[in-house]
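Nothing in this text is a laboratory measurement; each read-out follows from the coordinates by a stated rule. Just so it is clear, the structure is predicted and the values come from calculations on it, not from any experiment. Positions of Cβ are backbone-derived with ideal geometry, glycine not excepted, and every protein chain shown enters the neighbour counts.
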Amino acid sequence: MPEDTRKQVLVFRHGETEWSVSGKHTSVTDIELTPNGHRDAVALRPVLAPWKFSLVLCSPLKRARETCELAGLGDRLEIEPDLTEWNYGRYEGLTTEEIRQQVPGWGIFSHPVPGGETPGEVAARCDRVINRILAASGDVALFAHGHLLRVFAARWLKFAPEAGQHFVLNTGSLTRLGYEHETRAILTWNAPLGG
């Protein structure tokens, strides 16, 4: 069955948290938004007001749920466990610089994550979400996390998950995925919305 090339996917990385400011890897640690994160999420309201989403999917983690709720879609959100951030295992709460003291040159897309996930495991979760999106009857909104969404974008484009390393994604940003003719494409990437 051909894909509906009119469909768009609006992708939101959650608003700022204390750990995103400090550069700490945050997967399962369930922390709240900062005041700036709240402002970023509220700034989404006028952007989202004209949209009629057939599906609103959200990570179960508090920072993504808060962003979705403050953006005005909390009454429509459906928790999607596959949108949980990349599991950083033993690197949870560490910055890249701290990890590189133990493993020189370490990068999430190129090196193992002890006790965590591989790029392929994250990609498998993203592929399941993409299948849900393709089955939806209209536009879709996603609220999730930086590394997961970078892999998601790579998989939307049908690239290997490691291609996500080329897509920088800030907190409180808007990304719009869709099509150019029949080819999946990035329509807007990492657009800032905060105050």
* Grab the eigenvalues of the alpha-carbon gyration tensor for the stretch 63-156, scale each by 5, take roots, and send me the semi-axes largest first in whole angstrom. => 28, 16, 10
* Just how far, in whole angstrom, is the stretch 1-76 from the stretch 78-94 if you go by their alpha carbon centroids? -> 15
* Exactly which GluC sites (Glu not before Pro) in the stretch 30-122 are in a DSSP loop and have at most 16 other Cβ atoms within 10 Å? -> GLU32
* Asked: Can you give the relative contact order of the stretch 53-195 as a percent, counting alpha carbon pairs under 8 Å and 6+ residues apart?
  -> 24
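Counting only other residues whose beta carbon sits under 13 Å from that of TRP51, what net charge do I get with K and R as +1, D and E as -1?
Details: positive: LYS7, ARG45, LYS52, ARG76, ARG176; negative: ASP139.
Counting the neighbours of TRP51, the net charge comes to +4.
So if I place +1 on the C-beta of Lys and Arg and -1 on the C-beta of Asp and Glu, and nothing else carries charge, what would the dipole magnitude of the stretch 56-163 be about its Cα centre? I want it in debye, nearest 20.
Numbers: 12 positive and 15 negative charges, 34 e Å.
That gives the stretch 56-163 a dipole magnitude of about 160 debye.
Extension gain GLU97-ARG76, at 0.36 nm per residue separation less the Cα-Cα distance, in nm?
On the way: separation 21, 0.36 × 21 = 7.56 nm, distance 3.89 nm.
Using 0.36 nm per residue and subtracting the Cα-Cα distance, I get 3.7 nm.
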* To do: Name all residues of the stretch 64-98 having a backbone nitrogen under 12 Å from the label point set 7 Å from the Cα of VAL21 along its Cα→Cβ direction, giving them as ranges.
  => none
* Asked: Quick one: putting +1 on the C-beta of Lys and Arg, -1 on the C-beta of Asp and Glu, what dipole do you get for the chain around its Cα centre, in Debye to the nearest 20?
  -> 320
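Please figure out what share of the DSSP beta bridges in the chain is antiparallel and state it in percent, rounded to the nearest 5. Can you show the working numbers first?
Values: 12 of 23 bridges.
Of all bridge pairs located within the chain, approximately 50 percent are antiparallel.
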* Asked: To the nearest 20 debye, what is the magnitude of the charge dipole of the stretch 107-171 about its Cα centre, counting +1 on the Cβ of each Lys and Arg and -1 on the Cβ of each Asp and Glu?
  -> 100
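Within the chain, which DSSP H helices have Cα atoms that stretch 20 Å or more along the helix axis and a mean Kyte-Doolittle hydropathy of at least -1.0?
Details: long enough: 119-135 (24 Å, 0.18).
Helices passing the filter in the chain: 119-135.
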* Would you be so kind as to identify which of ILE186, PHE109, HIS166 lies farthest towards the positive end of the dipole of the chain, taking Lys and Arg as +1 and Asp and Glu as -1 on Cβ and the Cα centre as origin? => ILE186
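Rounded to the nearest 500 deg cm²/dmol, what is the calculated helix-only ellipticity per residue at 222 nm for the chain, with -39500 (n - 2.57) per DSSP H run of length n ≥ 4?
Details: 7 runs with 62 residues, N = 195.
Value at 222 nm, helices only, nearest 500: -9000 deg cm²/dmol.
Could you grab the relative contact order for the stretch 152-195? Cα pairs under 8 Å, six or more apart, rounded to a whole percent. Each step should come with its number before you reach the end.
Working: 58 pairs, mean separation 15.2, N = 44.
Relative CO of the stretch 152-195 lands at 35 percent.
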* **Estimated FRET transfer efficiency when R0 is 22 angstrom, pair ARG176-LYS62 (beta carbons, to 0.05)** => 0.30
* Asked: Once you list every other residue whose beta carbon is under 13 Å from the beta carbon of PHE12, what net charge do they have if Lys and Arg are +1 and Asp and Glu are -1?
  -> +1
